[in-house]
1. Failed condition for Ala35, given (1) at pLDDT below 95; (2) exposed (fewer than 12 other Cβ atoms within 10 Å of the Cβ); (3) not charged (D, E, K, R), with all others met?
2. For region 92-118, enumerate the residues that are assigned to a loop (DSSP other than H, G, I, E, B) and within 28 Å of Leu20 (Cα to Cα).
3. Applying the selection to region 24-62, what residues are part of a loop (DSSP other than H, G, I, E, B) and either of a type in the set (Asp, Glu) or over 16 Å from Thr101 (Cα atoms) (or both)?
4. Does Ala14 fit the bill of being surrounded by fewer than 16 Cβ atoms within 10 Å (Cβ to Cβ) and modelled with pLDDT under 95?
5. Would you point out which residue out of Arg56, Arg66, Arg71, Arg110 is farther than 18 Å from Phe4 by Cβ and surrounded by 12 or more Cβ atoms within 10 Å (Cβ to Cβ)?
6. Of these, Thr80, Thr19, which one is closer than 23 Å to Leu126 by Cα, part of a strand (DSSP E or B), open to solvent by 40 Å² or more (accessible area, probe 1.4 Å) and of a type in the set (S, T, N, Q)?
Amino acid sequence: GRNFLEWLLGAIRANEDLTLFTDVRINPLSDHTIADLLVEIAERDVSDRILHLAARNVVSKADIGRFFLERHPSYGGHVTYTTSDALSALAHRPKEMWLNTERAAVVFGRELPTVEHELERIHLNLQQ
């Protein structure tokens with residue numbers, strides 16, 4: 001299946017109606033950032049640690065939807081913002097789907113990127 005961003009961008013491009021959850025929170029990274037971080041992990045001895053690779057801040061899926069909708073002004077569908085509880089009969093999913101990146105920040109010696117940075121990176125890569 002498709003991930004959230006693939007579904008979202010496909011729906012925006014097709015002018016499909018969207019239902020975006022304001023209470024489901026995530027902290028995604030782009031494929032490029034994950035690849036870069038995996039290279040760094042391979043160069044370090046972190047075999048005794050579990051690292052969560054994710055953006056350092058957390059946003060709702062609705063926030064991500066707004067980010068991409070602002071960059072697609074020709075979108076002609078309808079957007080509904082709601083809570084996941086309103087549609088809980090369709091699929092049971094956790095609301096807090098984010099990872100704690102504090103240990104990874106210590107290992108890398110820096111904070112991981114923000115969600116906003118990652119969304120901009122994804123958007124720029126889609127434009128190429």
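The values are calculated or read from the model by the stated rules, or taken from the named source; none is laboratory data. Please read all numbers here as calculations on a predicted model, not as lab measurements. Virtual Cβ from ideal backbone geometry, glycine too; neighbours counted across all protein chains shown. Areas reflect the complete protein model, heavy atoms only, side chains present, ligands, DNA and RNA absent. Shrake-Rupley method; radii C 1.70, N 1.55, O 1.52, S 1.80 Å.
1. With respect to (1) at pLDDT below 95; (2) exposed (fewer than 12 other Cβ atoms within 10 Å of the Cβ); (3) not charged (D, E, K, R), Ala35 is out only on (1).
2. His92, Arg93, Pro94, Lys95, Met97, Trp98, Leu99, Asn100, Thr101, Leu112, Pro113, Thr114
3. Val24, Glu43, Arg44, Asp45, Ser47, Asp48
4. For Ala14, the condition - surrounded by fewer than 16 Cβ atoms within 10 Å (Cβ to Cβ) and modelled with pLDDT under 95 - is not met.
5. Only one candidate qualifies: Arg56.
6. Working: Thr80 fails: closer than 23 Å to Leu126 by Cα.
Of the residues listed, the single one that is closer than 23 Å to Leu126 by Cα, part of a strand (DSSP E or B), open to solvent by 40 Å² or more (accessible area, probe 1.4 Å) and of a type in the set (S, T, N, Q) is Thr19.
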